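We did not get these values from a lab; they are worked out from the coordinates using the rules stated. Because the structure is predicted, anything quoted here is derived from the model rather than measured. Here the Cβ positions follow ideal geometry from the backbone for every residue, glycine too, while neighbour counts run over all protein chains shown.
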Amino acid sequence: MNIHPLPASAFRGEGMTSQRARDRLANSLKESGIRDPRVIEVIRNVPRHHFIDQALHSRAYENTALPIGHGQTISQPWVVARMTEALLEPFDARQGMPQKVLEIGTGSGYQAVVLAALVPQLFTVERIEELLRQARRRFRQLGLSNIRSRHDDGKLGWPDEAPFDAIILTAAGDAIPSQILAQLAPDGVLVAPVGSPSSQTLLRIRGDGKGDFIQEELGAVSFVPLLGGIG
């Protein structure tokens, strides 16, 4: 099912980080409306406790956001699953998969790893250097060679590698930055939270192949702000 399966060592855990804990999380996602079996299976297999501080390992497989430092969080698994599912759905209708995906906001690296297990190429941009350094170490530990990462202002995207079949933003701004939208392929798909800290909506934007976009609202969410610059 995974294009890039994780090494067997990634599946080890004990107690609250065991495979049983991951199975419970996967089952709860299914019960709460996640339909794509590929996404559920990847969430079941990705060791979320590797992406947070050891002091929080006992909470790794709860369906909740957790702090990762620098004022950032690792998103709750349901949100990661829903955003991934929303990104893939339009491609299923075409009987294909996005080949080249851009993520804005690497954070802990968890969403990047989930996507990288499903698509051939994943490009991810993070503005906070320390977070990116930690995420890169995790990518290496998990043996993922299809992730390219960059320390830069996420609002700029990755123009040298555009266009992208799909783009996902893991932080919320008042609007989608025009420079990022310009890097979406004409028939591409973008999923992002948009709005103020008190009122955010998950949007899916699809290109019609002719220069216009179709926008859908997928429900209320809560994300950290999308900031510019680098740190």
Please report 18, 32, 198 as a ranked list, fewest other C-beta atoms within 10 angstrom at the top and most at the bottom. 198, 32, 18
Would you grab the residues whose amide H sits under 5 Å from the one on residue 142? Only those 5+ places off in sequence or on another chain, please, with H modelled 1.01 Å from N. none
Reach of residue 100 by Cα under 19 Å, taken over lysines that are not fewer than 8 positions away in the same chain: 155
So the FRET efficiency between residue 152 and residue 16, C-beta based with R0 = 30 Å and rounded to 0.05, is 0.25
Amide H proximity to residue 66 below 5 Å, modelled H, separation 5+ or other chain, gives 74
Helix 77-93 axis, angle to the chain major axis (alpha carbon atoms, nearest 10°): 50 degrees
Extension gain, residue 55 back to residue 97 (0.36 nm per residue minus Cα-Cα distance, nm): 11.4 nm
Relative to the chain, whose Cα atoms define the longest principal axis, helix 129-141 and its Cα axis are tilted in degrees, nearest 10, by 60 degrees
Spacing of the two label points (7 Å from each Cα toward its C-beta) at residue 64 and residue 160, in nm: 4.1 nm
